[in-house]
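Working notes, structure below.
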Amino acid sequence: MKHILAVLVEDKPGVLTRVAGLFSRRGFNIENIAVGETNNPGISRMTITVEGSETIIEQVIKQLHKLVNVIKVSNLSEEPSVMRELMLIKITAESGSRSDIQQIVETFRGKVIDVSPESMIIEVTGNEEKMEAIKLLFIDFGIKEIVRTGKVALLRGTRITSES
Amino acid sequence: MKKKMMKGSAMILSALKEEGVNVVFGYPGGAVLPLYDHLFDSNLKHLLVRHEQAAVHAADGYARVTGQPGVVFATSGPGATNLVTGIANAYMDSVPLVLITGQVPRAFIGTDAFQEADITGITMPITKHNYLVKDADQLPSILSEAFYLASTGRRGPVLIDVPKDIFDQEGHFIYNRKCEIPGYKPTYDGHVGQISRAVKAIKNAQRPVIFGGGGLIRAGASEVLSKLVEKARIPVILSLMGLGAYPGDIDLYLGMPGMHGSITANYALSEADLIIAAGVRFDDRVTGKLESFANNAKIIHIDIDPAEIGKNVKIDIPIVGDVRVVLEALFQKLQPGHTVEWLRQIENWKINNPMPGVLKSSGGTVKPQFVIRELSRLSKEETVVATDVGQHQMWAAQHFIIRKPCTFLTSGGLGTMGYGFPAAIGARLAAPESNVVCITGDGSFQMNIQELATAVNNRLDIIIAVINNGYLGMVRQWQDMFYNKRYSHTVLEGNPDFVRLAEAYGAKGLRAKNEEETTAVIKQALSEKGPVVIDFVVEPEENVYPMVAPNCPINDIIVGSDQL
């Protein structure tokens, strides 16, 4: 099963290396990882998607906790949470196909963010299924390039994943 | 709290003073010149080794005996990379160390400068934590964090990499031994509810056994363990790392479990209905085939590191906490169960399954086990034993009677050949009142034999007992048992004459080839001053038994070569 971990870390040099190194050393698989600042200065948040059995995930969480720069680890898959990912996708788009593309983009509530004589860049936000669905639709037009941010997630409701 | 301006080098020496450090093990070089220049005027004792690896092992031996962090200085590049094996060794066995390495000046970092190596990158997976200092002002807090991290929670090595120019940079020195690290809050007290469950399980158990490890020693839990054992009449099994946590000559002690453990210990673990595991990590050398390990038992697991609980073996009652604190709490509430019948069963096992093999030679030669037994018999009670790795290590664990914690130093997790002799050097400085005996092999000794110079130069009273069988014995044993006796590169041809080699270094060299000589040279060595190398020429193809073959159930025991 896939698990989404929210990992609060001290914003110090090498902290990403420590986390990534831990995963490779212990044979855990990172499916994706997104890192960014939080509302607290000096604290970054990593959102890590990892696949594994309950026992593996328990070890991942415990081992992450042992890293001195890791402040808190929460498994967001165990609780109601919202998850999003952003994808930019560059497709072949000549004048004849633009309106078809536009229609798909609107259906998926995406955005066209760049247009050139032969291509367009589309921005889509959503969950995994949505990304896969829109990719599938664009294959026939010709996908030139894709970039994804990795998933980020928050608990639903008023509760937060805080340092304490 | 004092605050003043100081150079980086001075800050380091001041911090060591604040931390009560008495001795540093090290080796100078280009990038640590400014630090060694300051050291020249300091009254801090520095032990100069002959190879950086020996500095870490010596600091490790010192730390295992005293319980205080061992401190190491080394230079950048090769100086730092030579530490790596020793750091990995300390990490696996949870030994507190603070290692200070020089680095190329800040402006040169990342340029592949002379003697540059990314030692923080290299040691990330084998240190509890490490630091690259970017400014002298960071040094005081980094140093106090390093000592705090190394010596609390699950102990371990911490490395501080200091660029050369920072040793000379002035900064504010404010030293505060109390530090707050947001991501580091070890749990010391066990969960009350879990402790109650454990108490109940102990009361209801018919066949309980305590399985203790190195955690008992690091936590100083020996005393409370003895009280608890006496009150509850529960037999004790100790892992290699735990030897000495409970006296090895008391009836309730069953020996070491696992691959070369005692038959009784392995039977007891297999038949127990309750295992109280304290400060252990269920290493594969202990459990054998995991699926058949302790199938009849409920397991209580007490450990300071939550990640150890449930890592290898399924646990029924996990208790995260300091082993001493938790055992104390258990002792207070303990209601002894009925173990009389179980103890009778164990006594029967003990009588019917002594350590196998004839330990006396049939004539003219000497068995390695006999040597260890004589060393054990003739040494005074206050003796620290340091071993290397291989057959002699297992014989030492089986036949040397270890009575006290912090007196058996061995590379348990990493299995580092070359550990024993430098560890004995560290132990010598840590325990001036004790005898120090290094039990080594002809293979292992040669991995750090250059330290004879260190031992002679510092007039260190150490007995180095070389169990010389002319083989890389343990590997040869596996080739004997599992590879049709094809002794591929395990014959150590070209070994030096250890007696003359010792003499060349200025140490005493002795040799024994039979039982009478063995007893005589041990007595002589115990009366000598300075390092004494004893070359025990033992029966070359003796194997270590009992043995559980890898990935077999631990009650499936080979007791001798006729069983193969």
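The figures follow:
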| quantity | calculated |
| --- | --- |
| The one condition in (1) farther than 27 Å from B:Arg154 by Cα; (2) touching a His at 6+ places or on another chain (Cβ under 8 Å); (3) not charged (D, E, K, R) that B:Ser270 fails to fulfil | (2) |
| Identity of the residue in region B:312-342, surrounded by fewer than 22 Cβ atoms within 10 Å (Cβ to Cβ) and touching a Phe, Trp or Tyr at 6+ places or on another chain (Cβ under 7 Å), that ends up farthest from the other protein chains (Cβ to nearest Cβ) | B:Val325 |
| Selection count where residues are out of contact with any strand residue (DSSP E or B) (no Cβ under 8 Å at 6 or more places or on another chain), surrounded by fewer than 18 Cβ atoms within 10 Å (Cβ to Cβ) and within 14 Å of chain A (Cβ to nearest Cβ), scope region B:90-121 | 3 |
| Region A:70-108, residues that are in a helix (DSSP H, G or I) and either within 14 Å of another protein chain (Cβ to nearest Cβ) or within 30 Å of B:Lys128 (Cα to Cα) (or both) | A:Leu76, A:Ser77, A:Glu78 |
| Residue within region A:56-69 that is more than 10 Å from chain B (Cβ to nearest Cβ) and at positive phi present | no |
| Residue satisfying all of: in region A:56-82; more than 20 Å from A:Val9 (Cα to Cα) and among the aliphatic types (A, V, I, L, M); surrounded by the fewest Cβ atoms within 10 Å (Cβ to Cβ) among these | A:Val82 |
| Filter result for the condition that a residue is surrounded by 15 or more Cβ atoms within 10 Å (Cβ to Cβ) and polar (S, T, N, Q), over B:Asn495, B:Asn551 | B:Asn495 |
| Answer residue from region A:1-15, given it is under 19 Å from the mean Cα position of the chain (by Cα) and exposed (fewer than 15 other Cβ atoms within 10 Å of the Cβ) and is modelled with the lowest pLDDT among those | A:Met1 |
| Residue match in region B:118-132 (condition: farther than 23 Å from B:Ala423 by Cα and part of a loop (DSSP other than H, G, I, E, B)) | yes |
| Residue within region B:155-173 that is out of contact with any helix residue (DSSP H, G or I) (no Cβ under 9 Å at 6 or more places or on another chain) and either surrounded by fewer than 19 Cβ atoms within 10 Å (Cβ to Cβ) or facing chain A (nearest Cβ under 10 Å) (or both) present | no |
| Region B:413-445, residues that are among the charged types (D, E, K, R) and surrounded by fewer than 24 Cβ atoms within 10 Å (Cβ to Cβ) | B:Glu433 |
| Members of region A:150-164 that are in a loop (DSSP other than H, G, I, E, B) and either in contact with a helix residue (DSSP H, G or I) (Cβ under 9 Å, 6 or more places away or on another chain) or surrounded by 16 or more Cβ atoms within 10 Å (Cβ to Cβ) (or both) | A:Gly150, A:Lys151, A:Thr161 |
| Subset of region B:138-147 [under 17 Å from A:Lys12 (Cβ atoms) and either within 14 Å of another protein chain (Cβ to nearest Cβ) or surrounded by fewer than 18 Cβ atoms within 10 Å (Cβ to Cβ) (or both)] | B:Gln138, B:Ser141, B:Ile142, B:Ser144, B:Glu145, B:Ala146 |
| Residues of region A:27-64 satisfying the condition of being in contact (Cβ under 8 Å) with a residue 60 or more places away in the chain and in a loop (DSSP other than H, G, I, E, B) | A:Asn40 |
| Residue within region B:47-70 that is under 26 Å from the mean Cα position of the chain (by Cα) and within 14 Å of chain A (Cβ to nearest Cβ) present | no |
| Per-region count, region B:174-217, residues more than 14 Å from chain A (Cβ to nearest Cβ) and either part of a loop (DSSP other than H, G, I, E, B) or of a type in the set (Ser, Thr, Tyr) (or both) | 13 |
| Index of the failed condition, B:Phe282 passing every other in (1) modelled with pLDDT of 95 or more; (2) more than 14 Å from every other protein chain (Cβ to nearest Cβ) | (2) |
| Check on B:Val133, more than 14 Å from chain A (Cβ to nearest Cβ) and modelled with pLDDT of 95 or more | no |
| Cross-chain or 6+ apart pairs with Cβ under 6 Å, region B:497-518 first and in a strand (DSSP E or B), then surrounded by fewer than 19 Cβ atoms within 10 Å (Cβ to Cβ) and modelled with pLDDT of 95 or more | B:Lys508/B:Glu528; B:Gly509/B:Val499; B:Gly509/B:Glu503; B:Arg511/B:Val499 |
| Residue in region B:309-324 that is touching a residue at least 60 places away in the same chain (Cβ under 8 Å), within 30 Å of A:Gln59 (Cα to Cα) and in a helix (DSSP H, G or I) present | yes |
| Considering residues of region A:32-55 that are touching a Lys or Arg at 6+ places or on another chain (Cβ under 7 Å) and surrounded by fewer than 20 Cβ atoms within 10 Å (Cβ to Cβ) only, the residue nearest to the other protein chains (Cβ to nearest Cβ) | A:Thr38 |
| Count of region B:446-464 residues which are part of a loop (DSSP other than H, G, I, E, B) and either in contact with a helix residue (DSSP H, G or I) (Cβ under 9 Å, 6 or more places away or on another chain) or free of Cβ contacts under 8 Å to residues at least 12 places away in the same chain (or both) | 6 |
| Verdict on B:Ala232 being more than 25 Å from the chain's Cα centre (by Cα) and of a type in the set (Gly, Ala, Ser) | yes |
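For (1) within 14 Å of chain A (Cβ to nearest Cβ); (2) of a type in the set (Val, Ile, Thr), each residue gets a yes or a no:
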{"site": "B:Pro257", "(1), (2)": "no, no"}
{"site": "B:Ser262", "(1), (2)": "no, no"}
{"site": "B:Ala277", "(1), (2)": "no, no"}
{"site": "B:Ser292", "(1), (2)": "no, no"}
{"site": "B:Asn296", "(1), (2)": "no, no"}
{"site": "B:Ile300", "(1), (2)": "no, yes"}
{"site": "B:Asp305", "(1), (2)": "yes, no"}
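The values are calculated or read from the model by the stated rules, or taken from the named source; none is laboratory data. Quick caveat, the model's predicted, so the values are computed rather than measured. Neighbour counts run over all protein chains shown; Cβ positions are idealised from the backbone, glycine included.
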